[in-house]
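Below: the structure, in structure tokens.
The values are calculated or read from the model by the stated rules, or taken from the named source; none is laboratory data. Everything numeric in this text was worked out from a predicted model, so none of it was measured. With ideal geometry, Cβ positions are generated from the backbone for all residues, glycine too; neighbour counts draw on all protein chains shown.
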Amino acid sequence: MDSITASPGKYIQGQHILSRAGQYLKPLGQHFLVLADSFVADLVEEMLRRTCEEHQIDVEFALFGGECSQPEIDQLCILAQRAECDAILGIGGGKTLDTAKAVACLMKSPMVIAPTVASSDAPCSALSVIYCEDGSLDRYLPLPHNPDLVLVDSAIIAGAPPRLLAAGIGDALSTWFEARACAKSGAVTSAGGLPGRAALALAELCYRTLLESGVTAVSDAQQHNVTAALERVIEANIYLSGIGFESGGLAAAHAVHNGLTTLPDTQKTLHGEKVAFGTRVQLILEDAPQEEQVAVLNLCHKSGLPVTLSELGITQGVEEKVRQVAQASCQPESPMHNMPGKITPQQVFDAILLADELGRMASS
């Protein structure tokens, strides 16, 4: 089977980059539909209109309705057609960006993504998660290609709640270990092939960057300061992890995350917070070197990521709920089956309880 490495056409990161966006948008379109929620629109609309006017680009702002649903996508496609827009720009968080990607896909238009938080690696991916209007999962929409351009304004990200950056670290933390597992097992990745050397190298660089700069970056984000450490971690969370997960593959860390989402107890925890716990479970399942397990635990603890079941919201009926998570993480289509060797629900159950015990020891 072929190895495949997928990536956005161009990734650009820097302070106040949205105030200079016109020069980067110009090659992709003349009339952009700009999708943002009301908070983000208030933050960026004036500067974006100014830079687009400087480069003779027309913009049509549309407010995101709050859910990446098919009716929302259809409505925006109609708006884009009526306004004769020839490109789509999504600015904001995950659901706004997924909606913009879906609209660009259906319109067959150039796709530009500008995340305002670094809480996950989704901005660079060729995937949109579609929900029903009641918020329940509808389907995953594979896109024909990755975004043409990803614009990351580090000044805006520095102004976001630091918990979101920490969650991005938690999501990115899994990238190297899952890609490493997929390379060992020969699993097919989200990109449709085997992990290539470039994806594996970027995934490992992602992990090394988080070890070196993650804790400092969270501290800097708490002060809303754009520093070299924060810039490195933003790139790791969004770009290095984005390419690493899509072209390197998913494994036990995301499988455990998926299992944790079956519990109402974990609804208030963020995606990356659950993935971080899942990463520690994966390392236990692999019997990874103790030094590696300690390094990951320390990074999670110092970054403010949950390291115990109680910090994930699971405080009552623990064993019964952990068994439910273990069973759900081993369902037939689960990325758990990308792990080298067969992993059983009992092994996952035991690993979750051990991860919790080690986390409680670290927190005491």
(message) Can you find, within region 49-83, the residue that is surrounded by the most Cβ atoms within 10 Å (Cβ to Cβ) among those that are touching a strand residue (DSSP E or B) at 6+ places or on another chain (Cβ under 6 Å) and more than 18 Å from Asp37 (Cβ to Cβ)?
(response) Cys52
(message) If I go through region 18-50 residue by residue, how many of them are assigned to a loop (DSSP other than H, G, I, E, B) and farther than 21 Å from Pro110 by Cβ?
(response) 1
(message) Looking at region 106-130 only, could you name the residues that are in a strand (DSSP E or B) and either over 17 Å from Gly22 (Cα atoms) or of a type in the set (Val, Ile, Thr) (or both)?
(response) Val112, Ile113, Leu127, Ser128, Val129, Ile130
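Could you say which residue among Thr216, Thr175, Thr227, Thr209 is under 30 Å from Glu45 (Cβ atoms) and in the same structural domain as Pro340 (by TED's automatic domain parsing)?
Answer to the selection: Thr227.
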(request) Just give me the residues in region 197-239 being under 21 Å from Ala114 (Cβ atoms) and of a type in the set (A, V, I, L, M), in sequence order. (result) Ala217, Ala221, Val226, Leu230, Val233, Ile234, Ala236, Ile238
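Here is a yes/no grid of residues against (1) touching a Phe, Trp or Tyr at 6+ places or on another chain (Cβ under 9 Å); (2) under 30 Å from Cys132 (Cα atoms); (3) among the acidic types (Asp, Glu); (4) without any contact (Cβ under 8 Å) to a residue 12 or more places away in the chain:
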residue	(1), (2), (3), (4)
Ile12	yes, no, no, no
Cys52	yes, no, no, no
Glu84	no, yes, yes, no
Leu97	no, yes, no, no
Ala102	no, yes, no, no
(message) When you scan region 283-305, do you find a residue that is in the same structural domain as Cys182 (by TED's automatic domain parsing), surrounded by 23 or more Cβ atoms within 10 Å (Cβ to Cβ), free of Cβ contacts under 8 Å to residues at least 24 places away in the same chain and touching a helix residue (DSSP H, G or I) at 6+ places or on another chain (Cβ under 6 Å), even just one?
(response) no
(request) Might you let me know whether region 187-200 holds any residue that is of a type in the set (Val, Ile, Thr), crowded, with 19+ Cβ neighbours inside 10 Å and in a helix (DSSP H, G or I)? (result) no
(request) Please verify whether region 105-127 includes one or more residues that are surrounded by 24 or more Cβ atoms within 10 Å (Cβ to Cβ), outside the structural domain of Ser174 (by TED's automatic domain parsing) and farther than 20 Å from Gln13 by Cβ. (result) no
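Here is a list: Tyr140, Tyr131. Which entry is modelled with pLDDT under 95, more than 16 Å from the chain's Cα centre (by Cα), surrounded by fewer than 24 Cβ atoms within 10 Å (Cβ to Cβ) and not assigned by TED's automatic domain parsing to the domain that holds Thr261? Before you say what the answer is, go through the steps one by one.
On the way: Tyr140 fails: more than 16 Å from the chain's Cα centre (by Cα).
Tyr131 is the lone residue from the list that is modelled with pLDDT under 95, more than 16 Å from the chain's Cα centre (by Cα), surrounded by fewer than 24 Cβ atoms within 10 Å (Cβ to Cβ) and not assigned by TED's automatic domain parsing to the domain that holds Thr261.
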(request) Answer yes if at least one residue in region 241-259 is over 29 Å from Ser128 (Cα atoms) and in a helix (DSSP H, G or I), and no otherwise. (result) no
(message) Kindly evaluate Leu210 against the criterion of being buried (at least 24 other Cβ atoms within 10 Å of the Cβ) and closer than 14 Å to Ala158 by Cα.
(response) no
(request) Give Ile169, Ile238 a once-over and let me know the one that is of a type in the set (Val, Ile, Thr), buried (at least 21 other Cβ atoms within 10 Å of the Cβ), in contact (Cβ under 8 Å) with a residue 24 or more places away in the chain and touching a strand residue (DSSP E or B) at 6+ places or on another chain (Cβ under 8 Å). (result) Ile238
(request) With the condition kept exactly as written, say whether any residue in region 185-203 is in contact with a helix residue (DSSP H, G or I) (Cβ under 7 Å, 6 or more places away or on another chain), at negative phi and either charged (D, E, K, R) or not assigned by TED's automatic domain parsing to the domain that holds Ser334 (or both). (result) no
